[in-house]
Amino acid sequence: MPLIARHGVELGQIHRTNLAALDPARRELVEAAGATVLEAGPVSATLAVGDVVDPARVITMVAGVSTGRPEGLGGELARAQFLAERTGATVILWQGYDPPPNVVNGLDAGPARRGADDLSAFQLALTDRFPNAHRVVLAHSYGTRVATEAAVHHGLLTDQLWLVGSAGVAGSHVSDLQLAGPDSRVVAVDSPDDPILWTRSGPQAVLGASPTDPAYGARVLPGVTGGHSAYFTDEAFVSDLTQSFEFQEEQR
């Protein structure tokens, strides 16, 4: 059970406990970014950038192959800070599973299946902690398989699920995904410049279904450009993500 799920334990205490468990290099990066440590492990940590008292918007980023390494933490925090500033959301770097270490190992769906239950439990704890927040799970690359695996087999409490630069997802249609409710949205995003597209063939991809194929039934976001790691700074992408919060808030 994630520590943030424990009733009566305030996030400041959780942060201090987890911060002390980090090595000095990661601790320095976290403190410089003003991030809150929600979970801590020997290699990876789950961090929140932004308001952790009563956020109106929360983005949980589920990344993929080779993420969570100490040497990449600075770049991941910078990306989270950028999205937090542009969208007005608290951005969480969820690193609660052991991702494949490289692209070759990323062809194995096993780590996604093993991490899916933990992601489902984290979103449940997050919802319990911030019941009024509008939730987005933003899954990238291999992380799209993790998030959809969670949604199909365990349920994933999110108002929106974004599937970005995917090598394949669980389920054959969005109706297979158990999200927060019938109004939850599934958005799929590809850049034509992303080499991940070589893993696709029609409705299929190496790790499952192609989420941008019409057969999957997701809303497909057009106009995004750049390589596999460029989505989160693409103007069309960031603008549509921000507008999606505004649209669903108007519907409440």
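The table below gives the values:
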| quantity | calculated |
| --- | --- |
| Rg/Rg_ref, the chain, where Rg_ref = 2.2 N^0.38 Å and atoms are Cα | 0.93 |
| Sites Val206 and Ala78 - FRET efficiency at Förster radius 35 Å, r taken between beta-carbons, to 0.05 | 0.75 |
| Computed E for Gln243/Glu31 - FRET, C-beta separation, R0 30 angstrom, nearest 0.05 | 0.35 |
| Under 5 Å, built H, 5+ apart or other chain: amide partners of Glu39 | Thr46 |
| Positive-end residue, the chain charge dipole about Cα centroid, Cβ charges, pick of Pro42, Thr127, Pro55 | Pro42 |
| With Cα atoms, 0 to 90° folded angle of helix 24-33 axis to the chain main axis | 80 degrees |
| Three-way shape label, the range 106-252, alpha-carbon gyration tensor, a/c 1.5 | oblate |
| Amide H partners (placed H, <5 Å) of Gln204, local residues excluded | Ser210 |
| Fewest-first sequence of Phe237, Phe122, Phe232 by Cβ atoms within 10 Å of each Cβ | Phe232, Phe237, Phe122 |
| Average Cα contact separation per residue, the chain, under 8 Å, 6 or more apart, as relative contact order % | 15 percent |
| Spin-label model distance (nm) - Asp98 vs Ala20, 7 Å beyond Cα toward Cβ | 2.7 nm |
| Karplus-derived 3J(HN,Hα), 6.51/-1.76/1.60, for each residue of the range 208-217, Hz, glycine and proline x | x, 7, 8, x, 8, 6, x, 5, 6, x |
| Phi to ³J(HN,Hα) by Karplus 6.51 cos²θ - 1.76 cosθ + 1.60 over the range 158-168, Hz, x for Gly, Pro | 8, 7, 9, 10, 9, 10, 10, x, 8, 9, x |
| Cα long-axis angle, helix 110-129 against the chain (0 to 90 degrees, to the nearest 10) | 60 degrees |
| Residues Ala56 and Gln13, FRET efficiency given R0 of 30 Å [Cβ-Cβ distance, rounded to 0.05] | 0.80 |
| Prolate/oblate/rounded label for the range 171-223 (Cα gyration tensor, a/c 1.5) | oblate |
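Read the figures in this text as sums done on the coordinates, not as results from a lab. This one's a predicted model, so the numbers in the text were calculated from it and none came from an experiment. Don't worry about glycine lacking a Cβ; one is built from the backbone with ideal geometry, like all the others, and counts go over all protein chains shown.
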